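Student: Mind having a look at this structure? Questions to follow.
The values are calculated or read from the model by the stated rules, or taken from the named source; none is laboratory data. All values derive from a computational prediction rather than experimental measurement. Please note: Cβ atoms are built from the backbone with ideal geometry, for glycine as well, and neighbour counts cover all protein chains shown.
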Amino acid sequence: MDGRQATPRYRGRFAPSPTGPLHFGSLLAAVGSFADARQQQGAWLVRIEDLDQQRCLPGADVSILKTLQAFGLCWDEPPSYQSQRTAYYEAALERLQRDQLCYPCACTRREIAALGLQGLEGPIYPGCCRAGLPPGRRGRSLRLRIDCGELSILDRIHGLSTQHLSSEVGDIVLRRADGFYAYQLAVVVDDGDQGITRVVRGADLLGSTQRQVYLQRCLGLPQPEYAHLPLMLGGDGRKLSKSLAAAPVDATDPLPALTQAWHLLGQRSLDAAPSRVDEFWQQAIPRWDLARVPLGPLKIAGSDPLPAAR
Ligand code: GLU
């Protein structure tokens, strides 16, 4: 041993929510995270984020996995399902409770909204139950006690991104009143357990990253690197989910969508037009360059020409 710590092997992941078939916006995240992992000889994992059963569509997980395969996006370990990992989320909560880093909260959404403290993403919890439940009230949810000023992350695409967690976000819910574990808890536990070293995902989650990093610190987990890919907007400038571009991608004809995703991610064209997905990836992986990915947001409409690569 020469005393140097070996750098852990790159491990990336794609974590779709099975709320419907894979659409173009998700394909973009899958392509970016896969190419980035493969270009660095890393492992690429798929995690089905099916915690919120009310939002999940039966069969959507199978449909997403089949579509990923048709696009040549092959995972290295069996896909994991968050619904089967609740014991790990519970263990993390117990640890946080033991360390007095989370507390039961009796407040309803309506009560919190009525106090009108608006944060970066919805109302900020005003702290009513922080020092203990008010007499006669029953704990509904569990909240993380966030005592943190500015927290910065260095995103590999967006650069430095800073939030004042206590004043801009506030104490977040880790287990909801309906008993479901919150995404923020599950994603942190899973990224930690799966040894994820770099998270490449959509920029809609850039603003969640600081609270995830805070939670990693509370749980003594290592911090992965982050790269947030540009968000897709429909041609009409609306969120992709509300536009035509949210239509499922065609698993029977993957090359046009793959090529379009590649260009939208700012990547250099391939030398020869591939006729199969394995040929596409053979040429594409060595060319992948995270530094070329645009900040976005990207606009897409069915009739749009491909944007020129940088
Ligand atoms: N499940 C989230 C989504 O489908 C992604 C979460 C993540 O990558 O951290 O948008």
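Student: Tally time: how many residues in segment 126-146 are under 28 Å from the mean Cα position of the chain (by Cα) and either hydrophobic (A, V, I, L, M, F, W, C) or modelled with pLDDT under 95 (or both)?
Tutor: Residues meeting the conditions: 5.
Student: So, of the residues in segment 104-128 that are without any contact (Cβ under 8 Å) to a residue 60 or more places away in the chain and either touching a Lys or Arg at 6+ places or on another chain (Cβ under 6 Å) or in a helix (DSSP H, G or I) (or both), which turns out to be surrounded by the fewest Cβ atoms within 10 Å (Cβ to Cβ)?
Tutor: By that ranking, first place goes to 110.
Student: While we're looking at this one, here's another question. For residues that are more than 9 Å from the ligand (Cβ to nearest atom), in a helix (DSSP H, G or I) and not aliphatic (A, V, I, L, M), scanning just segment 167-189, find the one that is modelled with the highest pLDDT.
Tutor: The selected residue is 184.
Student: Kindly evaluate residue 95 against the criterion of being part of a loop (DSSP other than H, G, I, E, B), of a type outside the set (Ser, Thr, Tyr), surrounded by fewer than 19 Cβ atoms within 10 Å (Cβ to Cβ) and more than 13 Å from the ligand (Cβ to nearest atom).
Tutor: Judged against the criteria, residue 95 is not a match.
Student: Continuing with this model, one more query. Quick one: is residue 154 under 21 Å from residue 208 (Cβ atoms), surrounded by 15 or more Cβ atoms within 10 Å (Cβ to Cβ) and not small (Gly, Ala, Ser)?
Tutor: Against the criterion (under 21 Å from residue 208 (Cβ atoms), surrounded by 15 or more Cβ atoms within 10 Å (Cβ to Cβ) and not small (Gly, Ala, Ser)), residue 154 does not qualify.
Student: Let me ask something additional. Out of all the residues in segment 46-64, which are within 14 Å of the ligand (Cβ to nearest atom), aliphatic (A, V, I, L, M) and either in contact with a strand residue (DSSP E or B) (Cβ under 7 Å, 6 or more places away or on another chain) or assigned to a helix (DSSP H, G or I) (or both)?
Tutor: Answer for segment 46-64, where residues must be within 14 Å of the ligand (Cβ to nearest atom), aliphatic (A, V, I, L, M) and either in contact with a strand residue (DSSP E or B) (Cβ under 7 Å, 6 or more places away or on another chain) or assigned to a helix (DSSP H, G or I) (or both): 46, 48, 51, 60, 64.
Student: Would you please name the residue that is surrounded by the most Cβ atoms within 10 Å (Cβ to Cβ), looking only at residues in segment 49-88 that are among the small types (Gly, Ala, Ser) and closer than 19 Å to residue 35 by Cα?
Tutor: 72
Student: Could you please give the count of residues in segment 18-40 that are near the ligand (Cβ under 10 Å from one of its atoms), among the polar types (S, T, N, Q) and modelled with pLDDT of 95 or more?
Tutor: Counting residues in segment 18-40 that are near the ligand (Cβ under 10 Å from one of its atoms), among the polar types (S, T, N, Q) and modelled with pLDDT of 95 or more gives 1.
Student: Identify the residue in segment 273-299 that is buried (at least 16 other Cβ atoms within 10 Å of the Cβ) and among the aliphatic types (A, V, I, L, M) and, among all such residues, is nearest to residue 256 (Cα to Cα).
Tutor: 277
Student: OK, next. For residues in segment 1-17 being of a type in the set (Lys, Arg) and over 12 Å from residue 200 (Cα atoms), which is farthest from the ligand (Cβ to nearest atom)?
Tutor: 4
Student: Please indicate, with yes or no, whether at least one residue in segment 287-294 is of a type in the set (Gly, Ala, Ser), modelled with pLDDT of 95 or more and outside any helix (DSSP H, G or I).
Tutor: Scanning segment 287-294 turns up no residue that is of a type in the set (Gly, Ala, Ser), modelled with pLDDT of 95 or more and outside any helix (DSSP H, G or I).
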